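Participant: Below are the structure tokens for one structure; questions will follow.
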Amino acid sequence: IGLGALTALGSYNRFNNDCYKDAFILALINSGTSFFAGFVVFSILGFMAAEQGVDISQVAESGPGLAFIAYPKAVSLMPVAPLWAALFFFMLLLLGLDSQFVGVEGFVTGILDLFPGKQYHRYKREISVLICCLLCFIIDLSMVTQGGMYVFQLFDYYSASGMTLLWQAFWECIVVAWVYGADRFMDDVARMIGYRPFPWMKWCWSFITPCVCIAIFLFHLVNYKPLTYNNVYVYPWWGEVIGWCLALSSMLCIPVSVLYKLFRAKGTFKERWAHLTTPVWGVHHLEYMAPDIKSLTSLSPGTDDNKVIIFESVM
């Protein structure tokens, strides 16, 4: 949700789809997978703690140290260790690939949506994906050097999880529930599935989810500790600065974009806000938004007059 992958993939659905059921299924699968993985990971960590005679907190910390140091060491102690080691790293490879597929798709879709219909090129999406992958490849070369694990953890901790995603998820809820309008969004879902979802969904968008996100975000800030690697190496101050620059590079995009749009708009503050927060419906939305569209069959399809009349009927 925070990275926009589900949003990008969901945009390929037809308008009439059971998005309500899909939301529950995705949440259950996601949480269920994490719940099951918790049993697997902590059983392995408990085994290693018992073998070494130390507390489980001293075995490894969360993050890359767990996946690439502690867990492979535990796998090497199992019977038929080469088999389990091959399966484990094959699983990590598949996990990384499927995460990158949807991550790149979400990023490229967002970039292309900023420039709809401008400078059309037949292979615009393919070229955009190629450029994105090349840039990521160049950046990731630093993570396969001798100190690459330290660079990897810096990116992982500050720019890809934790506070950054909580900040983005909070503002997503605010925009949907309070700027666009939770009731209006409920109406949109009702047009897709044929009935209004349970009011619990609107309460989540409006109050519960934003409060939970901002509470965990503040908890992270209050209990912030300098980044360490494998409970031994403490990052220097300039490493912390680089990490915060990575985090703020995406977190500041939201308030900066709002201020920029408000500054560029015309009129009083109220007029600017009303103009910027008014939904803009595309032509492909009109057949679902206009209840009297079927009465306009006398007009020839695709003409400019037809589009104007349909738009006026929506307004």
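The values are calculated or read from the model by the stated rules, or taken from the named source; none is laboratory data. As the structure is a prediction and not an experimental result, all values here were calculated from the model. Cβ sites come from the backbone with ideal geometry, for glycine too, and all protein chains shown count toward neighbours. Note: areas computed on protein heavy atoms with side chains; ligands, DNA, RNA excluded. Shrake-Rupley method; radii C 1.70, N 1.55, O 1.52, S 1.80 Å.
Participant: Mind telling me which of the residues Met201, Met163 ends up being more than 26 Å from Ser99 (Cβ to Cβ) and open to solvent by less than 80 Å² (accessible area, probe 1.4 Å)? Working first, answer last.
Facilitator: On the way: Met163 fails: more than 26 Å from Ser99 (Cβ to Cβ).
Matching residue, one of Met201, Met163: Met201.
Participant: Determine which member of the set Tyr150, Tyr157 is farther than 30 Å from Trp205 by Cα, open to solvent by 40 Å² or more (accessible area, probe 1.4 Å) and of a type in the set (Phe, Trp, Tyr).
Facilitator: Tyr150
Participant: Restricting to helices (runs of 4 or more DSSP H) lying wholly in segment 159-231: which have 2 or more residues that are farther than 22 Å from Leu276 by Cβ and of a type in the set (Val, Ile, Thr)?
Facilitator: 182-193, 209-222
Participant: Another question, then. Scan segment 1-22 for residues that are open to solvent by less than 70 Å² (accessible area, probe 1.4 Å) and more than 14 Å from Val176 (Cβ to Cβ) and jot them down.
Facilitator: Across segment 1-22, the qualifying residues are Ala5, Ala8, Phe15, Asn17, Asp18, Tyr20, Asp22.
Participant: Are any residues in segment 232-246 touching a residue at least 24 places away in the same chain (Cβ under 8 Å) and either part of a loop (DSSP other than H, G, I, E, B) or in contact with a Cys (Cβ under 8 Å, 6 or more places away or on another chain) (or both), and if so, which ones?
Facilitator: If the condition is that a residue be touching a residue at least 24 places away in the same chain (Cβ under 8 Å) and either part of a loop (DSSP other than H, G, I, E, B) or in contact with a Cys (Cβ under 8 Å, 6 or more places away or on another chain) (or both), then Tyr235 is the only one that fits.
Participant: If you scan segment 191-234, which residues turn out to be under 25 Å from Trp171 (Cβ atoms) and among the polar types (S, T, N, Q)?
Facilitator: Ser206, Thr209, Asn223
Participant: Listed residues Phe68, Phe35, Phe24; which is of a type outside the set (A, V, I, L, M), modelled with pLDDT under 80, within 30 Å of Ser250 (Cα to Cα) and not in a loop (DSSP other than H, G, I, E, B)? Quick ask: steps written out before the conclusion?
Facilitator: Values: Phe35 fails: modelled with pLDDT under 80; Phe24 fails: modelled with pLDDT under 80.
Criteria check complete, one pass: Phe68.
Participant: Collect the residues in segment 38-63 that are open to solvent by less than 50 Å² (accessible area, probe 1.4 Å) and outside any helix (DSSP H, G or I), keeping them in residue-number order.
Facilitator: Within segment 38-63, Val59, Ala60, Glu61, Gly63 meet the criteria.
Participant: Restrict the check to segment 238-248 and report whether at least one residue is among the aromatic types (Phe, Trp, Tyr) and either touching an Asp or Glu at 6+ places or on another chain (Cβ under 8 Å) or open to solvent by less than 80 Å² (accessible area, probe 1.4 Å) (or both).
Facilitator: Among the residues of segment 238-248, at least one is among the aromatic types (Phe, Trp, Tyr) and either touching an Asp or Glu at 6+ places or on another chain (Cβ under 8 Å) or open to solvent by less than 80 Å² (accessible area, probe 1.4 Å) (or both), which makes the answer yes.
Participant: Still on this structure: Would you pick out the residues in segment 149-208 that are of a type in the set (Val, Ile, Thr) and closer than 26 Å to Leu227 by Cβ?
Facilitator: Val151, Thr164
Participant: Does any residue in segment 124-139 that is free of Cβ contacts under 8 Å to residues at least 24 places away in the same chain come within less than 6 Å, Cβ to Cβ, of a residue that is surrounded by 14 or more Cβ atoms within 10 Å (Cβ to Cβ) six or more places away or on a different chain, and which pairs are these?
Facilitator: Qualifying pairs under 6 Å: Ser128/Val108.
Participant: Can you say whether Ser249 is under 19 Å from the mean Cα position of the chain (by Cα) and touching a residue at least 60 places away in the same chain (Cβ under 8 Å), as far as the supplied structure shows?
Facilitator: So Ser249 passes the test.
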